[in-house]
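Below is one structure, written out as structure tokens; the observations come after it.
The values are calculated or read from the model by the stated rules, or taken from the named source; none is laboratory data. Just so it is clear, the model here is predicted, and its values are computed rather than measured. These accessible areas exclude ligands, DNA and RNA; they are computed on the full protein's heavy atoms, side chains included. Shrake-Rupley method; radii C 1.70, N 1.55, O 1.52, S 1.80 Å.
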Amino acid sequence: MKKILTLFIGLLLIGATAQAQDGLFSFGIKGGIGASNYDLSGPVTGWSTEGTASWHVGGMFRTNIPVLPIYAQVEALYSRVGGTITLQGQGSDDGYVNRFDVPIVVGLKFGLLGISGRVFGGAVAQSNFPEDADDLDYNNFTWGWQAGIGADIKKLTVDVKYESGSDLISQQLNTPSIKATQWILSVGYFFGG
């Protein structure tokens, strides 16, 4: 998976470098808030969840496909998500998880006069941040997906998206599948393009 992610980012950077003079790429910063929770499926008798607030901050890179209203965007985000899982009779476990998220999305743009709407979707690579950032293991990324809508007004961008990650624990007999999910509101600003 690391090789696929590296190849995709490399191709985007090569394409952006070649098209830099044409204004077909943009880079910027973004941040936002969300509502995160744990999604349970499978044998969930006695299990319940409660959501909590989440936030993220980072950078983004977008390249537009010439002639077509299509774009690809890669982000690198520091995220903090959380929730509470309760098992009846055994108490609850709550808290936050600090993550490194790399969403890779493709979208369709429509609009005019400097305002464009967007619909997009794609994959997101996620890795929990260790206490020491030097210990981040790029081989331990898990994959999820996200989809959403957005709007661009000149260099300002706003997104509303839904994200679902992969299973947080390995599937075991008589335990539910637990995935981190969240609704996200992001605001960003592009410096180039």
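Being at pLDDT below 95, open to solvent by less than 70 Å² (accessible area, probe 1.4 Å) and hydrophobic (A, V, I, L, M, F, W, C), is that true of even one residue in region 158-180? Yes, there is a match, as at least one residue in region 158-180 is at pLDDT below 95, open to solvent by less than 70 Å² (accessible area, probe 1.4 Å) and hydrophobic (A, V, I, L, M, F, W, C).
Listed by position, the strands (runs of 3 or more DSSP E) enclosed by region 1-112 that each have at least 2 residues that are at pLDDT 80 or above and over 16 Å from the mean Cα position of the chain (by Cα) are 25-41, 52-64, 70-87, 91-112.
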